[in-house]
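Notes for the one structure printed next.
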Amino acid sequence: AQSVTQLGSHVSVSEGALVLLRCNYSSSVPPYLFWYVQYPNQGLQLLLKYTTGATLVKGINGFEAEFKKSETSFHLTKPSAHMSDAAEYFCAVSDEGYSTLTFGKGTMLLVSP
Amino acid sequence: DAGITQSPRHKVTETGTPVTLRCHQTENHRYMYWYRQDPGHGLRLIHYSYGVKDTDKGEVSDGYSVSRSKTEDFLLTLESATSSQTSVYFCAISGRLSPNQETQYFGPGTRLLVL
């Protein structure tokens, strides 16, 4: 069974600073990995995903993530935070049949002026 | 946005009352999912469907049942609501067109309060 660990339930950064949200997974098979963002009172929106191929994945809004198999990690980064990035971020991994997702508990990103 | 609607968007009910939430899609996607979201728990899968009349249990299926009689609709029923089922419920869909089409798209959510 897959599992996802997101380190830090809350991360605070200043506007313009580097954003780093951590995600580690466990999977017995090559995983598909996803990052979703949730703005207040909304559903989840896909930021980016890794399926196969290039391990550095670029997503929307300037975010990117790198799949590191040796570290079982898929950390999300953005070089410069904007106030509009304040939201909750979820990392997820697919199961062996690629039909269901297991989500981490989420990390709330707080951006201060 | 993917064509997913959920109804109702908000509901208040009493303990012991049956409740049905509806997810409707216009994308003709094969897979449909029901999740609940609770603080500190992220999203947890309740049930999912891989076709009409084909459903399977997720991580937190106790107290919930589902039905899918046509491609576009996936119903979640709480047979006898309890306060522990107060939550935000999300529906999601995915197409399974190819291995690169595994993205799940989410609806806007239903806030359920059980008193």
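In debye, nearest 20: dipole of the range A:26-113 around its Cα centre with unit charges on the Cβ of K, R (+) and D, E (-)?
For this selection, approximately 100 debye.
Separation between the residue B:52 and residue B:28 pseudo-spin-labels, each 7 Å from Cα along Cα→Cβ, expressed in nm?
Between residue B:52 and residue B:28, the simple spin-label model gives 1.3 nm.
Over chain A, with a Gaussian network built from C-alpha contacts below 10 Å, which listed residue (A:51, A:77, A:100) shows the highest mean-square fluctuation?
A:100
Based on DSSP loop calls and a cut-off of at most 16 other Cβ atoms within 10 Å, the longest stretch of chain A free of exposed GluC sites (Glu not before Pro) is what?
Longest gap between qualifying sites, sites excluded: A:16-95.
If I take every Cα pair under 8 Å that is 6 or more residues apart in chain B, average their sequence separation and divide by the length, what percent do I get for the relative contact order?
With pairs under 8 Å counted, the relative contact order is 35 percent.
Shielding of B:43-55 by partners, i.e. mean partner chain Cβ atoms within 10 Å per residue?
2
To make sure I understand the rule: partners must be lysines, Cα under 27 Å from the Cα of residue A:58, and not fewer than 8 residues away in the same chain. Which ones qualify?
The qualifying lysines are A:49, A:68, A:69, A:78, A:105.
Return the long-range amide H neighbours of residue A:15 (sequence gap of 5 or more, or a different chain), with a cut-off of under 5 Å between placed amide H atoms.
Sorted by chain and number, the residues that satisfy this are A:112.
What is the magnitude of the charge dipole of chain B about its Cα centre, with +1 placed on the Cβ of each Lys and Arg, -1 on the Cβ of each Asp and Glu, and no other charges, expressed in debye to the nearest 20?
Charge dipole of chain B: 140 debye, to the nearest 20.
Determine the sum of side-chain charges near residue A:24: Lys and Arg each +1, Asp and Glu each -1, restricted to other residues whose C-beta is under 15 angstrom from that of residue A:24.
Residues near residue A:24 contribute +2 overall.
Laboratory data are not the source of any read-out in this text; all were calculated from the coordinates shown. Note that the structure is a prediction, hence the values are computed from the model and not measured. Positions of Cβ are generated from backbone atoms using ideal geometry, with glycine treated the same way; all protein chains shown enter the neighbour counts.
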